[in-house]
Structure formats: C-alpha cells, structure tokens
Ligand code: 8ID
Ligand code: ZN
C-alpha cells in the first residue's frame with residue numbers, strides 16, 4: 001500500500017488515501033514501468049482536472065500530477081525493448097504515452113496522438129508514491145541534476161520551451177509574456193533569455209515583479225495597474241513585439257496580443273482557460289500578417305532539450321516543498337493567484 005491524493009469526482013475535495021494499492025510486477029502490462037517517485041510538482045492543469053472545468057473530461061476517481069521524478073523499480077513482463085532499465089532515474093510528463101506509429105506521432109506531434117495517455121488526466125498521475133508509466137515516454141534525468149529541480153521542467157519547462165522554440169523569433173527580438181510570474185511564466189522568462197530574446201513580463205503584484213526582473217525580464221507591466229498595455233508595449237518595442245507567449249490561466253492575458261504585436265508577429269497560445277474564445281480582430285490579424293498558434297506541451301525530444309538546458313544551470317525552477325496532504329491548500333493558492341503563482345509547489349514523496 002502507498003499514500004495517494006485522490007479526487008473521487010469532478011469538483012470533489014481531495015482525499016488522502018493511505019491505503020492505495022501499488023501494482024505488482026505481474027499486474028504491469030508490457031511497455032509499462034513502475035516508478036518510485038522522489039517528488040512531484042503541481043501544475044495549474046491539475047487544478048483544472050480536479051475541478052473538471054475543461055471541455056475534455058478527466059477520468060474519475062483521479063490521481064492528478066504530471067511533473068514527477070523518481071526511480072524505475074519494475075518493468076512489465078514481455079516488454080519487447082526498452083530505452084530505460086530498472087534503477088534509472090526518469091521524469092513523468094503530461095504525455096504519459098502515445099502509439100508512436102500514427103501520422104501525428106511520426107510527424108513528431110506525439111502529444112496529438114489520438115491514443116495519447118495523459119498523466120493525471122486519463123491515467124493516474126504523480127500525486128502518489130508509486131506511479132505506473134511507460135518505458136517509451138519517460139524522460140531520462142541527467143546524473144547529478146536534483147529531482148526537485150527537474151520536476152517542474154517536465155510540464156511547465158517543456159511547455160514554454162517548445163512554445164518559444166516555435167515562436168518564430170530570433171535573438172534580439174522582443175517577446176511578451178503575460179502570466180510571467182506564474183509556474184510556466186517564470187520559466188518562460190529564463191528560456192527566452194537562453195534564446196537571446198528581450199522579455200517584457202506581464203503579471204501583477206510586487207513580489208512577481210521582483211521575481212520577473214530578477215530572472216531577466218527587461219521590462220515589467222502590471223496588468224492590474226497599467227491603463228493601456230498596448231501602447232505601453234508599442235512604446236517599449238518601438239512598434240510592437242515580435243511574439244507573445246500567453247501562459248495566463250484566464251482569457252484576459254490573450255486580449256490585446258494581436259494589437260501589441262508588430263506585423264509578422266506570432267501569438268503562441270499556451271494558457272488553457274476552458275470555456276473562453278479568443279477575441280482577436282480578424283482584419284488586423286490579416287492586415288498585419290499575424291500568426292496565431294496553439295502550443296501543447298512537448299514531445300519526447302522537447303523534454304530532453306528542456307531538461308538539458310535546465311540541468312546545465314541556465315533555467316531554475318522556483319519552488320516550495322510541501323507534504324502531499326497540503327495539496328488542497330495549493331489549489332486554493334492557485335485559484336487566488338498567490339502561492340503557486342510565485343513558486344511552483346513540489347511534493348516530496
Ligand atoms: O501545453 C500547454 N499549453 C499547457 C501546459 C501546462 C499548463 C498549458 N498549461 C496551462 C494551465 O492549464 C493553465 O491554464 O497554462 C496555464 C498556466 O499554468 P501555470 O503557470 O501552472 O499557472 P499559474 O502558476 O497559476 O500562473 C498563471 C499566472 O497568470 C497570471 C497570474 O497572476 C499567474 O501568475 N495572470 C492571470 I490568471 N491573468 C493575467 C493577465 N490578464 C495574468 N498575467 C497577465 N495578464
Ligand atoms: Zn502541467
């Protein structure tokens with residue numbers, strides 16, 4: 001038996017189950033591995049899953065979590081070939097598994113595989129001591145890189161790394177990051193700096209301002225205080241930003257992006273408010289040759305690259321550690337936009 005944080009139905013309070021079963025060697029399917037977790041990050045997506053506020057439903061009862069790092073302690077019998085072995089330290093990301101044979105997988109868009117399995121959403125995730133994952137999709141963690149540092153790279157880091165990679169920017173360009181003080185956003189600042197971009201951080205509050213500027217943002221805009229974000233950004237950038245990577249969990253972060261991008265600019269949609277539509281001027285999207293792209297986590301290679309950059313010390317997760325029993329408090333903090341906005345919460349297991 002083990003301890004797990006269970007949500008029995010959408011919107012239910014978290015139940016800490018100290019007698020949750022652990023799969024035995026015989027119960028593991030071919031291709032599955034059992035990972036004894038060191039720690040797991042908590043992402044705003046886990047809150048969406050617990051609340052059931054997305055148009056694609058999560059399974060219930062649900063064990064959330066998709067930023068786990070731990071050691072492989074068993075591999076399913078009859079696993080034909082495995083890129084990892086027992087004793088390896090690996091990461092578990094949102095994309096737990098994909099078929100690797102469909103058109104999407106073969107094009108490198110594994111996250112869009114019609115048979116994708118999602119950790120903490122369609123299969124049990126990392127808010128438990130032992131998680132069942134999949135040998136082909138776990139991410140090897142470089143020796144010497146602490147699990148606590150690596151955990152939140154597996155969702156927040158990979159996601160913003162890929163979004164910046166496909167943002168059609170080159171070194172020296174201006175990038176706007178609405179949500180910059182959040183879990184995804186504070187990593188986006190750092191990956192953007194690694195790519196040689198000039199960062200305008202948009203979020204709210206003195207502590208997020210301090211964090212964003214410390215992490216390398218050149219300019220700060222408080223979206224609660226600034227009266228005209230569009231003209232402010234146009235002034236700073238002398239005519240508009242080259243890209244915006246929006247990681248706010250509400251639709252408001254998206255609202256002015258088409259207006260403050262310069263011609264040829266790219267809006268990368270990352271934050272996932274479940275029920276909002278994107279309100280953008282069709283005329284100016286065309287007239288300014290704006291690209292609007294959705295960016296959804298990352299594939300196996302994106303994960304390897306994002307981890308490698310962070311393991312070399314160029315990107316650091318700001319986190320606070322908590323016991324798993326405090327998960328409910330973390331969700332409250334996320335709803336209020338306080339705790340998790342500034343520090344990724346991490347459960348050591
Ligand atoms: O693959 C993906 N696209 C992906 C992967 C992982 C997470 C998408 N997400 C989604 C989550 O589901 C969530 O909707 O990204 C969103 C952000 O996740 P997070 O970074 O884990 O959330 P957070 O730590 O709460 O940070 C959100 C920040 O947005 C700010 C808040 O102050 C907070 O710092 N914010 C908000 I809410 N409205 C804003 C606005 N109008 C804003 N910042 C600027 N302008
Ligand atoms: Zn996530």
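The values are calculated or read from the model by the stated rules, or taken from the named source; none is laboratory data. Small disclaimer: the values here were computed from a predicted structure and weren't measured. Here the Cβ is made from the backbone with ideal geometry for all residues, glycine too, and neighbour counts use every protein chain on show.
Taking region 1-44 as the region of interest, the strands (runs of 3 or more DSSP E) fully inside it that hold 3 or more residues being crowded, with 22+ Cβ neighbours inside 10 Å are 2-7, 32-42. Screening the candidates 222, 173, 228 for the property of being more than 16 Å from ligand 2 (Cβ to nearest atom) and within 17 Å of residue 267 (Cβ to Cβ) yields one hit, 173. Does residue 49 fit the bill of being buried (at least 20 other Cβ atoms within 10 Å of the Cβ) and either at pLDDT 95 or above or outside the structural domain of residue 273 (by TED's automatic domain parsing) (or both)? Judged against the criteria, residue 49 is a match. A Cβ distance below 6 Å, combined with a sequence gap of six or more or placement on separate chains, defines the contacts here; from region 154-165, residues that are closer than 18 Å to residue 118 by Cβ and assigned to a loop (DSSP other than H, G, I, E, B) reach residues that are within 8 Å of ligand 2 (Cβ to nearest atom) and at pLDDT 95 or above in the pairs 155/66; 155/67; 155/94. Inside region 173-188, can you point out the residues that are closer than 22 Å to residue 312 by Cβ and away from ligand 1 (no atom under 12 Å from the Cβ)? Across region 173-188, the qualifying residue is only 175. Region 238-348 holds helices (runs of 4 or more DSSP H) entirely within its bounds, and those carrying 2 or more residues that are out of contact with any helix residue (DSSP H, G or I) (no Cβ under 8 Å at 6 or more places or on another chain), assigned by TED's automatic domain parsing to the domain that holds residue 18 and at pLDDT 95 or above map to 300-311. Quick one: is residue 170 modelled with pLDDT of 95 or more, outside any helix (DSSP H, G or I) and within 22 Å of residue 153 (Cβ to Cβ)? Answer is no for this residue.
Just a yes or no: is a residue in region 196-218 away from ligand 1 (no atom under 14 Å from the Cβ) and at pLDDT below 95? Within region 196-218, not a single residue is away from ligand 1 (no atom under 14 Å from the Cβ) and at pLDDT below 95.
In the condition set (1) part of a loop (DSSP other than H, G, I, E, B); (2) within 16 Å of ligand 1 (Cβ to nearest atom), residue 144 is compliant with all but (2).
Hey, among 184, 197, which residue is crowded, with 22+ Cβ neighbours inside 10 Å and in contact (Cβ under 8 Å) with a residue 60 or more places away in the chain?
184
Every residue, every condition in (1) buried (at least 24 other Cβ atoms within 10 Å of the Cβ); (2) on the phi < 0 side of the Ramachandran plot; (3) free of Cβ contacts under 8 Å to residues at least 40 places away in the same chain, yes or no:
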position: 180; (1), (2), (3): yes, yes, no
position: 188; (1), (2), (3): yes, yes, no
position: 213; (1), (2), (3): no, yes, yes
position: 216; (1), (2), (3): no, no, yes
position: 227; (1), (2), (3): no, yes, yes
position: 245; (1), (2), (3): yes, yes, no
position: 259; (1), (2), (3): no, yes, yes
position: 274; (1), (2), (3): no, yes, no
position: 281; (1), (2), (3): no, yes, yes
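Can we say residue 207 is in a helix (DSSP H, G or I) and farther than 16 Å from residue 180 by Cβ? Taking the combined requirement at face value, the residue does not satisfy it.
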